[in-house]
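The values are calculated or read from the model by the stated rules, or taken from the named source; none is laboratory data. Since this is a predicted model, take the numbers as computed values, not measurements. Cβ coordinates were reconstructed from backbone atoms using ideal geometry, including for glycine residues, and neighbour counts include every protein chain displayed. Ligands, DNA and RNA are excluded from the accessible area calculation, which covers all protein heavy atoms including side chains. Shrake-Rupley method; radii C 1.70, N 1.55, O 1.52, S 1.80 Å.
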Amino acid sequence: MSELKQTRRITVNIHYVWGKADSLRGGLYHLRTKDGRRRRPEYVTEFGVESFVDDECAILESKAFRNMARKTQVVTIPQSAMIRNRLSHVMEVVGQATRLSEALGLNTNLVRAASLGHDMGHVPFGHPGEAWMQGAMKRHDFCHEVMGVVIAQHIERRGRGLDLCHETLEAMMRHSGNLAKEGMTQEAWLLRYADKIAYLFHDVNDILDRLGYPAKPELLQLIDEFGDNQRRRTRTARSGLIIESVELGRVSFEELELGIKFQKLRDLMYEIYPKVIDQNVGATMEKLLRALETFDLADPFMLLALMNDTDAIYLSSVASPSMEAFKRTDLWEIRPYLAEIGKVDLCDPDLNW
Ligand SMILES: [Fe+2]
């Protein structure tokens, strides 16, 4: 088949998928989560603002949210503003999740709140940093999904927490890894897929196009099948998710043709991710932990988990990290509260309420 015919065939397929998804508006409206449940029911939002809208605002105003601007997505402290950091990734997830939720008729306010908060628990250096923390803490249940919920409930607002709804916290916690469970809200399922749609296609831009990492022909062909740029690729993926979800009667994107292709694309991207991080994460984290133990300000693992990448790289670059150097980090501002909060189990989401 000539190159032109190949391009035409793909274009026609994409427009068919887009059109079909457009015709299925509101297909999961009957499964929409109606309202949120708070730990402190006496809490009333001002002016009667809807629960999940209030959650969204609380997360937007939190320190943990701002801290994500200095955390790794896949590239630590990118030299270009065009390359995603953790915060810009989160905002793209909000974009994907909002469109999907509106198309399916789910609770968009819940989806947006959980999307904004879903990655607040990332430690320095993203996933390699998290793997190091698990080993150092001897806690293989330590993960950013739970850590985000711990921050929201026990660290923000000097330990009083953000007062988020149970549904928001659950969706944040179950957004990736093996924490999904039967019976979780459709909005939580949607966030799992919206996160992947956002990161896989923006990472294609950052890792393959901007940084020039090599990719297998099989991966390049799969990417092309979704479209010839990020906007088209994500629309095709969203359309595939909408079609599959309405057909199966629940949010899903891994069983029908496009969903299977998307999962394959993800598997191939995961072969590239480990090659991108070039810091010696283990040695850096080890050095930071030793320094934080010496400072004796609060639980050193909690301090390390809350540190952003800019601080981590700065502090580890000092030959012998001193308290004077620590005072120049963003973490210094909240260390008095962390000392007051005392010991918190960083692996316990504390959602049994
Ligand atoms: Fe994410």
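Sort F142, F301 from largest to smallest accessible area, using a 1.4 Å probe on the heavy atoms of the protein chains.
F301, F142
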To the nearest 0.05, what FRET efficiency results for A69 and E271 with a Förster distance of 22 Å applied to their C-beta separation? 0.15
Please list R157, R231 from largest to smallest accessible area, probe radius 1.4 Å, with all protein chains kept in place. R231, R157
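Among the complete DSSP H segments of the chain, which ones combine at least 24 Å of alpha-carbon extent along their axis with a mean Kyte-Doolittle hydropathy of 0.0 or more? Spell out each step's value before the answer.
Details: long enough: 3-22 (29 Å, -0.75); 86-104 (27 Å, 0.22); 186-203 (25 Å, -0.28); 230-248 (27 Å, -0.73); 257-276 (29 Å, -0.28).
Helices meeting the criterion: 86-104.
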Rank-order 34-45, 315-326 by packing density, defined as the average count of other C-beta atoms within 10 Å over each peptide's residues, highest first. 315-326, 34-45
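Normalise the Cα radius of gyration of the chain by 2.2 N^0.38 Å (N = residues in it) and let me know the number.
Numbers: Rg = 21.1 Å, N = 353, 2.2 N^0.38 = 20.4 Å.
Against the empirical 2.2 N^0.38 Å value, I get 1.03 for the chain.
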Would region 13-118 count as rounded, prolate or oblate if I go by the C-alpha gyration tensor, calling it rounded below 1.5 in a/c and otherwise prolate when a/b exceeds b/c, oblate otherwise? oblate
Any residue on another chain or 5+ positions along whose placed amide H is under 5 Å from the amide H of G26 is listed here as L104, G105
In Å, descending, principal axis extents of the Cα set of region 230-316: 57, 27, 21
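What does the charge count around E333 come to, taking other residues whose C-beta lies under 12 Å from its C-beta (Lys +1, Arg +1, Asp -1, Glu -1)? Display every interim value, and only then the final one.
Working: positive: K63, R66, R158, K327, R328, R335; negative: D311, D330.
The answer is +4.
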Over the Cα atoms of region 98-225, what is the Rg over Rh ratio if Rh follows Kirkwood? 1.02
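Would you mind counting up the charge near L110? Only other residues with Cβ under 11 Å from its Cβ, with Lys and Arg at +1 and Asp and Glu at -1.
On the way: positive: R32, K34, R112; negative: D35, E50, D55, E56, E167, E170, E187.
With Lys, Arg at +1 and Asp, Glu at -1, the neighbours total -4.
How much of the accessible area of region 16-276, probe 1.4 Å, is carbon plus sulfur, in whole percent? Walk me through the numbers on the way to the answer.
Details: 5600 of 11040 Å².
C and S fraction of accessible area: 51 percent.
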Please give the charge dipole size of the chain, origin at the Cα centre, charges +1 on K and R Cβ atoms and -1 on D and E Cβ atoms. Round to the nearest 20 debye. 600 debye
Using all Cα-Cα distances in region 155-308, what percent lands in each 10 angstrom bin from 0 up to the longest? 9, 28, 28, 24, 10, 1
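Within region 281-341, what whole-number % of the accessible surface is contributed by carbon and sulfur, with the 1.4 Å probe and all protein chains included in the calculation? Before the final figure, lay out each step's value.
Details: 1360 of 2610 Å².
Ligands and nucleic acids excluded, carbon and sulfur reach 52 percent.
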Going by average Cβ density within 10 Å per residue, which order do the peptides 233-243, 249-259 take, highest to lowest? 233-243, 249-259
Might you tell me the accessible area per residue for region 16-276, computed with a 1.4 Å probe and given in Å²? 42 Å²
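Which net charge results when you count Lys and Arg as +1 and Asp and Glu as -1 among the other residues whose beta-carbon is under 12 Å from that of S316? Walk me through the numbers on the way to the answer.
Details: positive: K287, R290; negative: E286, D309, D311.
So the surrounding residues net to -1.
How long are the semi-axes of the equivalent ellipsoid of region 281-341, taking √(5λ) for every eigenvalue λ of the Cα gyration tensor, in whole Å from largest down?
On the way: eigenvalues 57, 27, 23 Å².
Working from the Cα gyration tensor, I get semi-axes of 17, 12, 11 Å.
Which whole-number value in Å² is the accessible area per residue of region 281-341, probe 1.4 Å? Don't jump to the answer; show the numbers that get you there.
Numbers: 2610 Å² over 61 residues.
Spelled out: the 1.4 Å probe surface of region 281-341, per residue, equals 43 Å².
For the chain, what does the relative contact order come out to in percent, with C-alpha contacts under 8 Å and a separation of six or more?
It rounds to 22 percent for the chain.
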